[in-house]
Every structure is written in C-alpha cells, then in structure tokens.
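The values are calculated or read from the model by the stated rules, or taken from the named source; none is laboratory data. These numbers come from a predicted model, not from an experiment. With ideal geometry, Cβ positions are generated from the backbone for all residues, glycine too; neighbour counts draw on all protein chains shown. Accessible surface is based on the protein model in full, side chains and every heavy atom, while ligands, DNA and RNA are left aside. Shrake-Rupley method; radii C 1.70, N 1.55, O 1.52, S 1.80 Å.
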Amino acid sequence: MTRKLPATALLAVATLAACSPTTAVTSAAPSSSTQAPGSTMATSTMSTPTTATTSANPISSTSSPPSSAPDPTPPTTAATTGATTLPSAPATTAIPSVKPAGLALGSAGEQVRDLQHRLRQLSWFAGSITGTFEDDTLQAVSGFQTKRGLPATGVADAATMAKLIALTTQPTHDELYNILRPGPAIYRVGMASPKVREMQARLKQIGWYAGDVVDTYGPKTVSAVKGFQAKRGFPVTGEIDQRTLDSLVGRTHAPSSDELNNVVPKPEGMAAPVVLDPRCLTGKVICINKTTRKLSWVVDGKTQLTMSARFGPAHEPTREGTFYVYFKAKDWVSKLYDSPMPYSLFFSGGQAVHYSYSFARLGYNGNSHGCVNVRNWNGLVWLYSQAPVGTKVVVYR
C-alpha cells in the first residue's frame with residue numbers, strides 16, 4: 001500500500017528548491033554558498049528541508065551547520081514504515097547562507113558609519129557618512145588595505161579594523177551623523193594682528209586669498225575663509241575656529257618673510273641654461289629631464305624657468321613620453337598615500353607635477369611614488385599660473 005504526500009508538502013519542497021541557488025544536491029557532494037552581506041558581522045543558521053528516500057537509507061534528520069562553516073554538507077533523510085515505501089520527491093537542499101567575516105558591500109548600520117568616518121579621517125573616504133557600505137566605501141577600504149600591506153579584499157575584516165582603529169580617533173555622535181557645529185572663533189572680522197596676516201598668507205598659498213596680506217581681518221578675509229570652509233565641508237561662518245585653523249595649517253607651510261611682507265622674489269633657477277629635447281622647442285612645454293633631474297618651463301624654445309625635480313623609483317617609475325596637463329588642483333591631497341600635493345598638474349593618470357614637503361626636507365634621500373616632485377615653492381606657484389590645462393609635458397632621459 002502506498003501513501004501519497006499531501007499536496008501542500010510537495011508544494012513547499014518545490015518552492016524551496018526554486019528559491020535555492022543550487023538544486024539536486026546529493027549528500028556525496030558538499031556545497032557552499034555566500035549570502036549577500038547584511039548590516040552586522042554576525043552569522044545565522046537556517047534549517048534545510050527534508051526529502052523522502054527509499055527504506056534502504058538510514059533515518060536521519062539534521063539542520064544545516066552555522067553559516068561560519070566553510071563547506072556545509074547537505075543532510076539526507078528517509079522515512080520508512082515497515083515494508084511500505086513513500087514515493088520519492090526530487091532531492092533538493094536549501095544552501096545555508098554564509099556572511100563574510102567583516103563589513104562588506106551591502107552592510108549597513110552604526111559599524112559602517114564608524115568605518116566610513118575613520119576612513120575619512122585618513123582621506124580615503126569623501127562625502128557624507130551614510131551608514132551604507134556601497135562602492136565608494138569598498139574602494140576606500142581596498143585603497144587603505146593596499147597602502148597598509150593588507151590583502152585588498154574590500155572587506156573590513158578584523159585585521160583591517162584593528163589597523164584602522166590604531167590610526168584614527170573614536171568618532172563622536174555628531175561626526176557619525178554629519179553634524180558639524182562651529183567652534184569658538186579664534187580669528188574673526190574686526191580683529192587686527194600679525195597672526196591675521198599669517199592666516200591670509202596661508203590662504204594665499206592655496207589660492208583662496210589674493211592680493212597683499214595685511215593685519216586686519218576684513219571682508220576679503222571673511223570671503224577667503226568661507227571658500228576654504230565650504231571646500232572642506234565645514235560650517236561656513238567666515239570665522240577661523242580650531243577645526244578651520246588645523247585644516248589650514250595642515251595644508252600649508254609657515255609663511256616666509258617675503259610672503260608676510262608682500263615681496264615676490266624671482267623664482268630660483270629662472271632662465272638657467274639647459275639642453276632641451278627636440279619635443280620641447282615648440283609652443284609652451286613643461287620639459288622634464290630625468291637624467292639631469294631638472295624641470296624646465298619652455299616657451300617657443302626659450303627656457304623661462306628651471307627647477308630641481310625628483311622622480312619615482314624603479315618599481316614605481318615616472319612614465320616617459322609626451323603628455324598633456326588634463327587636471328589642475330592647488331589644494332590636492334593624495335587619496336592613495338594620505339599626503340598633500342599642493343599645486344598639482346596631472347599629466348598621466350595619477351602622476352602629476354606637484355610641490356613636495358618631503359623633497360624640500362629630505363632632498364634626494366627619498367623618492368616620489370611616480371609623480372614629479374618639486375621643492376621650489378615660489379617657482380611652482382609661478383609655473384602653475386603659466387601652464388593651463390592642455391599644456392604639453394615631455395618626460396625623457
């Protein structure tokens with residue numbers, strides 16, 4: 001005598017089979033699957049449906065292993081009643097879900113907010129803190145991992161978080177929710193002192209202030225400070241609070257006596273004689289000789305400026321050839337190396353001519369990461385004003 005399974009039971013089995021990523025999995029072949037990452041780092045378990053087989057198989061019933069198991073094996077079940085055999089249903093098993101051991105694409109919640117803000121502290125993540133792990137967060141995590149010598153998986157695992165936490169500070173509630181409150185004003189409109197002149201000189205270094213610097217904090221200074229604050233995502237007050245001051249000082253150098261007294265010296269190395277590549281003899285060209293370690297600004301074959309230059313090592317070489325400036329930025333910070341790149345003239349991918357604090361401090365006891373480093377601040381500021389987007393760049397030996 002044969003008993004039939006209720007229609008509802010067969011429907012449930014069929015439905016589970018249709019929703020599983022793999023069907024007809026036998027007990028002889030272990031399988032695994034990965035669940036789309038959720039909002040937390042915890043794992044979960046899910047029971048698997050049972051199937052009916054012949055009475056020759058032993059009776060067993062198990063639930064699927066926790067999702068942390070690397071290769072869960074689907075269980076098998078059987079049902080017998082004496083000599084009577086239930087009809088067999090198609091062998092199907094729901095694949096247990098496995099979440100990555102960390103925050104990954106699709107994760108959401110407070111932990112992601114914390115991750116994003118810590119990445120932003122190191123200039124890997126830009127924009128508002130969202131609490132949702134999307135492509136921009138994945139790219140930031142991968143970049144940070146590469147920089148720190150970790151596997152670039154894009155998943156914020158325990159090792160990544162440990163390194164990130166060690167390099168950053170604990171975000172406040174306001175920071176996690178993009179709430180910026182202006183601090184007490186250190187410098188504001190109406191004040192007059194040599195420190196105000198210094199603030200103006202620093203703002204002038206990165207292109208926010210124009211004209212002579214003075215001791216008085218007036219409308220011109222307010223406008224420059226507002227522009228700087230807006231660029232950084234700070235509350236736009238026109239007053240210099242501690243947050244604004246720290247950011248400004250971190251992106252500039254201590255003004256020289258000439259800068260504080262509105263003296264514009266002739267750039268060092270102006271019109272120094274050099275042997276030029278033939279490609280540098282027509283039009284306006286930034287001509288870079290890796291053998292002599294010199295950068296020259298040439299107009300119609302005449303050298304207008306020559307400066308010392310530093311390049312990348314053998315494993316990160318400065319590319320050679322003919323290029324064109326495609327992007328300029330006075331106030332640029334490398335997202336890959338966490339370092340400021342003032343007065344950048346990008347000419348080939350991520351490679352640019354830019355001022356280097358390291359080159360100015362250490363000279364040739366070091367290298368760039370492929371960029372053309374310059375240590376003559378006044379010379380580069382002048383060159384930046386002369387070379388528009390589209391200017392030819394020739395790098396040669």
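Structure notes:
- By the rule of a C-alpha distance below 16 Å, with chain neighbours fewer than 8 residues away ignored, the lysines paired with Lys163 are Lys147.
- Ignoring aspartates and glutamates fewer than eight residues from Lys290 along the same chain, the ones with Cα atoms less than 18 angstrom from its Cα are Asp277, Glu316, Glu320.
- Using all pairs of distinct alpha-carbon atoms, the Kirkwood hydrodynamic radius of region 281-397 works out to 13.9 angstrom.
- Per-residue HN-Hα couplings for region 222-238 [Karplus 6.51, -1.76, 1.60; θ = phi - 60°; Hz; x = Gly/Pro]: 4, 5, 5, 5, 4, x, 5, 5, 4, 4, 8, x, 8, x, 8, 10, x
- Which of Asp136, Asp157 is most accessible, then next, and so on - probe 1.4 Å: Asp136, Asp157
- Modelled FRET efficiency - R0 30 Å, Tyr357 with Thr168, Cβ distances, 0.05 increments: 0.85
- Restraint check, Lys195/Lys226; Lys204/Lys284; Lys220/Lys330; Lys302/Lys392, Cα-Cα greater than 24 Å: Lys204/Lys284
- Accessible area of Phe234 in the full protein assembly, 1.4 Å probe (Å², nearest 10): 40
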